[in-house]
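All of the numbers you see were taken from the coordinates with simple rules; none came from a lab. Not measured: the values here are computed from a predicted model. Glycine gets a Cβ as well: all are built from the backbone with ideal geometry, and neighbour counts include every protein chain shown.
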Amino acid sequence: MIVMTVLLLLLGGFLWWSRKSIKTTRYFYWNKALPSALDGLRIVHLSDLQSEYFGKAQRRILEKTRAASPDLIVFTGDLTDRNHTDYQAGITLMEGLVKIAPVYYVDGNHELALPVEEISQMYDVLEGMGVVLLRDRATTFTKSGAPQMRLLGLSEETIYRAKISGGALREGEKCSREKVSDTEIDRQLVRECIAALLTDVGEGENAFTLLLVHEPQFLEVYAVPGINLIFAGHAHGGQIRLPFTQGLFAPGQGILPKLTSGMYQSGNSTMVISRGLGNSTFPFRVFNRPEIVVIQVESQQ
């Protein structure tokens, strides 16, 4: 009985550590065409809070983000969760983040599934505190007089419409609960939206450009000329990570997914995928701690 109790306590401790102990992952991104004035630009990438808390007032996330000394912060969707919705969890996090650096946000499939009136109120609160919402919008960012960098955000509503048009979803079905994979997407619709955002923001064809999206499985669709770095979440690191795998399951990719964490190249575009912070329908992570991603941009390797 004592041995069993000890084993259960150890298992409980391990599961808590896997779910609540945040890891900071650092990457370097090199691009010889990058203006030298942007050398050393540091971006913190967060995703998939899913209405969870990490300490009082999200203290543990904010401490690690502050320690990274970011020039800007990007958040790639699922700030809240449709299954255990707590808007205040995300609002509290954003209140702390905007005091550290400019924050840019794109929505996820969970926001899309929530009541329109409620989620609109959350967006109003976020904008009121200074968060830049990039839901099918584009803007620019300037660091210390360097050439302007472009930031684009592709909304989950656009991805939803592309899934319906491509046959992945039925009209009125907000998420692919009945399908293991939802990769049948209208590629032209997505690329036309990205092209329109590039046109809206202008600032020259060679400007350094970030694209914020939620779902990573459409990397080859997002990777159009003019897009340098793509940030995505959604996959939760494959939930249970075993050696030589990208995890066991990810929404939109099914069993043994290929794109759940790390950096991936398609053409001249590089995607950075966050394992995210919280969880939704499946409450546990195994060998897959919550993650804060830090990207440092350099013009020379």
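Summary of values
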item	result
Over the chain: helical MRE at 222 nm, DSSP H runs n ≥ 4 each giving -39500 (n - 2.57), nearest 500	-9000 deg cm²/dmol
Rg(Cα)/(2.2 N^0.38 Å) for the chain, N = residue count	0.98
LYS23 paired with HIS84, simple spin-label distance in nm, labels 7 Å along Cα-to-beta-carbon	2.2 nm
Model label zone, VAL125; criterion: amide N under 20 Å from point 7 Å along Cα-to-beta-carbon; scope segment 260-301	277-280
Rounded to 5, the percent of DSSP beta bridges in the chain classed as antiparallel	35 percent
Under-5 Å amide H pairs with THR209, H placed in peptide plane, nonlocal only	ARG150, ASN228, LEU229
Folded to 0 to 90 degrees: helix 156-166 orientation relative to the chain principal axis, Cα	90 degrees
Residue-wise HN-Hα coupling along segment 75-83, computed from phi with Karplus coefficients 6.51, -1.76, 1.60 (Hz; x: Gly, Pro)	10, 10, x, 6, 5, 10, 9, 6, 8
Using θ = phi - 60° and Karplus 6.51 cos²θ - 1.76 cosθ + 1.60, couplings along segment 186-199 (whole Hz; Gly, Pro as x)	6, 5, 5, 4, 5, 5, 5, 5, 4, 4, 5, 5, 4, 5
For a label point 7 Å along the Cα-to-beta-carbon line of LYS32, residues of segment 257-300 with backbone N under 19 Å	265-270, 297-300
Calculated FRET efficiency for the pair LYS258/MET1, C-beta based, R₀ 45 Å, to 0.05	0.50
